[in-house]
Amino acid sequence: MNNLEKLGFDNWFNDKDDLTKTADFKIARVISVNKNSFVVSNGVKEIYAELTGKFLFNSEDSLDLPAVGDWIYAQLFDEDELAIIHDILPRKSLLKRKASGKKVDYQLIAANIDTAIIMQSLDSNFNLRRLERYLVMINEGKITPAIFLSKSDLIGKEEIEQKKNDIRKILPDVTIAVFSNNNQSDIENIKTFFAPFKTYCLLGSSGVGKTTLLNNLVHQDLYKTQPIR
Ligand SMILES: Nc1nc2c(ncn2[C@@H]2O[C@H](COP(=O)(O)OP(=O)(O)OP(=O)(O)O)[C@@H](O)[C@H]2O)c(=O)[nH]1
Ligand SMILES: [Mg+2]
């Protein structure tokens, strides 16, 4: 298995790889976006990246620009310290939402996600309407949904069953995982949900425990938790 495959580059992308481009460019994956500057990874290291002027000029709207998760063709410079992005490979999926403001424009959330996890906490955050809004976005993106319900330590078993049943009425087949970030065996159980080389994203309101879960999954404080953000 090569380094790109470890990052999720599979046959779907391999079939769409434009070999005329691979001759001149290296493939890498976008791991963060900050306006028009990017960080990409080739599976070995993280590389600062920018777009070519032509790319920027030809981009008619936000959909044409790289999003987190995109596979891109880049030219590498300075012993792989700097990348110039020339093109985006076809997208397997795209998660986006309407940007606020009058213009019909989209804010890209992430590309090439296999499974999008909607996270709600079982306390006052739990809300079926909001869950449905996330589902619309996930279905439009051609992505498989899953539901994580956090803070199970805060409410009783019966109430949890009731909430799961409410979800099953609208979504009979979706995976629902109930857990508490304060319970180690719950965390071990959540780990079994993730398959290697697949890409997941975690969606949910502030305070539901996304960062706490990510920290628990990677066993280190990669991400700072805050009471509210
Ligand atoms: N009781 C309980 N508290 C939790 C649980 N998970 C997280 N918390 C607490 O909830 C608060 C918010 O958790 P975060 O992980 O920062 O929430 P987040 O979803 O990352 O929030 P944003 O980064 O603002 O989007 C913290 O004080 C956590 O300690 C849980 O399962 N049970
Ligand atoms: Mg967070």
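Results, tabulated for the structure shown:
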read-out	value
Among (1) without any contact (Cβ under 8 Å) to a residue 40 or more places away in the chain; (2) closer than 24 Å to THR212 by Cβ; (3) out of contact with any Pro (no Cβ under 9 Å at 6 or more places or on another chain) - the single one VAL174 does not satisfy	(3)
Counted residues, the stretch 177-226 - those being open to solvent by 50 Å² or more (accessible area, probe 1.4 Å), of a type outside the set (A, V, I, L, M, F, W, C), within 16 Å of ligand 2 (Cβ to nearest atom) and modelled with pLDDT under 95	6
Scan of the stretch 106-135 for residues that are over 28 Å from ASN34 (Cβ atoms) and among the aliphatic types (A, V, I, L, M), ordered by number	LEU122, LEU128, LEU131, LEU135
Criterion violated by LYS54 - all others in (1) open to solvent by 80 Å² or more (accessible area, probe 1.4 Å); (2) in a loop (DSSP other than H, G, I, E, B) satisfied	(2)
Test result for TYR48, in contact with a His (Cβ under 6 Å, 6 or more places away or on another chain), farther than 26 Å from VAL136 by Cα, hydroxyl-bearing (Ser, Thr, Tyr) and outside the structural domain of GLU140 (by TED's automatic domain parsing)	no
Members of the stretch 121-155 that are assigned to a loop (DSSP other than H, G, I, E, B) and aromatic (Phe, Trp, Tyr)	PHE126
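The values are calculated or read from the model by the stated rules, or taken from the named source; none is laboratory data. Computed from a prediction, not measured in an experiment: that's the story for all the values here. Note: ideal-geometry Cβ built from the backbone for every residue, glycine included; neighbour counts use all protein chains shown. Keep in mind that these areas ignore ligands, DNA and RNA; they rest on the heavy atoms of the full protein, side chains included. Shrake-Rupley method; radii C 1.70, N 1.55, O 1.52, S 1.80 Å.
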